[in-house]
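A quick write-up on the structure given underneath.
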Amino acid sequence: MKGEGDDRIEGHWIFRKVAVPVDPEFPITTDQLSKIFPNNKDTARIREVVEVLNELSNVFELTTKGRMAHFLAQIGAETGGLADLDESSHYSPRRIVELFGLPKYADLFQGYNSEPTECVGVAYESDGGTLGKGRSGPVSPVFLYDSKLKVFQAYGHPATGITTANLRNKVTDKSYNSGILKVKEKHYGSDSKLFDVTYACRMGNAGPSSGHGSTFKGKGFIHLTGRWTYKKVSELWNADILNENNKKYFHKSRSEGGHLEDLINDVEVALKASLYYWRWKKYGGKSANELSDQNDIVSLTKLVNGGKNGIDDRKIYYKNALNNLGDK
């Protein structure tokens, strides 16, 4: 019975400020999650995700099979089956050209350098971040290849007849880097600075030399990306009454008094931050839960990822979830 001063927040009834857990409307189990993500053998990770979701699913309205299935499918694809809470920048040279072989990313290639500090076509915030979607400053010398196809051809070398369609067949070695255009060594490998270029001057990030691209690459179960998104999720977190004594500042590192590292190292924080994003973000004017109700996996993927990257994996995880979740 609800009495005076009692409230229900974050999956609990608060009876005169004493928290009493509320059963989730759509509970999940470790066995179900293990079957949905069969390649993840980290039983501790599986158990933690189940515990956090069962505690928070009510307040974030993951209360139907469809909504839970779509959420699990999206975070599964983002993290390689719940395993990777930190986006990898370890790309081969060939993969870099396939994904980022565009004139605007000329700085990726040997012999060409973007202006490292300035952004073009974007305003700045008072703390140095950017507003809107801009691009890095001018390239020196002038980049000779004005289309993705021409970049591909130069990377593969014109004599081999490389085109967009047959790059994979002609250049079979993932470490291939011997064309007219060559990827700079600092942009591939285990300590890559790739995202300092490709994520520069957009999503709240400043120019390439700021390091924002590498710092604010994808983190969490939904790979939150860009300094602006980190700040927004911090605002959503801190506006919640449940977090009155647990403020988080994800756009600052631990050395700056922030909590950026928690998105990688703390499963509960990482999952809860992703749930705030899920509840807040819209695509086509619709929330993630609304798109889930409509079974619109393409729009959901764009909401979460910004494009359709990994959509086949998302479909597989969604089917796994439907097959293994209960019907309650």
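The values are calculated or read from the model by the stated rules, or taken from the named source; none is laboratory data. This is a predicted model, so every value here is computed, not measured. Note: ideal-geometry Cβ built from the backbone for every residue, glycine included; neighbour counts use all protein chains shown. Heads up: the accessible areas ignore ligands, DNA and RNA and are worked out on the full protein's heavy atoms, side chains in. Shrake-Rupley method; radii C 1.70, N 1.55, O 1.52, S 1.80 Å.
The table for this structure:
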quantity	calculated
Complete set of residues in the stretch 65-84 that are among the hydrophobic types (A, V, I, L, M, F, W, C), open to solvent by 10 Å² or more (accessible area, probe 1.4 Å) and touching a Gly at 6+ places or on another chain (Cβ under 9 Å)	Ala77
Residues located in the stretch 184-202, provided they are in contact (Cβ under 8 Å) with a residue 60 or more places away in the chain, part of a loop (DSSP other than H, G, I, E, B) and out of contact with any strand residue (DSSP E or B) (no Cβ under 9 Å at 6 or more places or on another chain)	Tyr188, Gly189, Ser190, Ser192, Lys193
Residue that is modelled with the lowest pLDDT, among those in the stretch 111-133 that are closer than 15 Å to Val197 by Cβ and small (Gly, Ala, Ser)	Ser114
Check on Asp327, touching a residue at least 24 places away in the same chain (Cβ under 8 Å) and either open to solvent by less than 20 Å² (accessible area, probe 1.4 Å) or outside any helix (DSSP H, G or I) (or both)	yes
Unmet requirement for Asn205, which otherwise passes all of (1) outside any loop (DSSP other than H, G, I, E, B); (2) buried (at least 22 other Cβ atoms within 10 Å of the Cβ)	(1)
Enumeration of residues in the stretch 103-124 that are part of a loop (DSSP other than H, G, I, E, B) and either among the hydroxyl-bearing types (Ser, Thr, Tyr) or open to solvent by 50 Å² or more (accessible area, probe 1.4 Å) (or both)	Gln110, Gly111, Tyr112, Glu115, Pro116, Thr117, Glu118, Gly121
The stretch 126-157, subset without any contact (Cβ under 8 Å) to a residue 12 or more places away in the chain and not in a helix (DSSP H, G or I), residue farthest from Lys252 (Cα to Cα)	Leu144
Answer from Gly189, Gly220, Gly213 - the residue that is of a type outside the set (Ser, Thr, Tyr), open to solvent by less than 40 Å² (accessible area, probe 1.4 Å), touching a Leu at 6+ places or on another chain (Cβ under 9 Å) and more than 16 Å from Lys281 (Cα to Cα)	Gly213
Pair list, Cβ under 6 Å, 6 or more apart: the stretch 82-110 residue more than 30 Å from Ala69 (Cβ to Cβ) and in contact (Cβ under 8 Å) with a residue 24 or more places away in the chain, other residue open to solvent by 30 Å² or more (accessible area, probe 1.4 Å) and part of a helix (DSSP H, G or I)	Gly101/Lys148; Leu102/Lys148
Residue under evaluation Glu235, criteria (1) modelled with pLDDT of 95 or more; (2) buried (at least 17 other Cβ atoms within 10 Å of the Cβ), criterion not met	(2)
Qualifying residue in the stretch 158-176 (condition: under 23 Å from Pro208 (Cα atoms), open to solvent by less than 80 Å² (accessible area, probe 1.4 Å), hydroxyl-bearing (Ser, Thr, Tyr) and modelled with pLDDT of 70 or more)	no
Selected residue (only one of Lys308, Lys272, Lys281 is charged (D, E, K, R), exposed (fewer than 14 other Cβ atoms within 10 Å of the Cβ) and out of contact with any Phe, Trp or Tyr (no Cβ under 6 Å at 6 or more places or on another chain))	Lys308
Failed criterion for Ile316 (all others in (1) open to solvent by 70 Å² or more (accessible area, probe 1.4 Å); (2) assigned to a loop (DSSP other than H, G, I, E, B) hold)	(2)
Every pair of residues 6+ apart whose Cβ atoms lie under 8 Å, when the first sits in the stretch 292-314 and is modelled with pLDDT under 95 while the second is assigned to a loop (DSSP other than H, G, I, E, B)	Asn305/His223; Gly306/Thr225
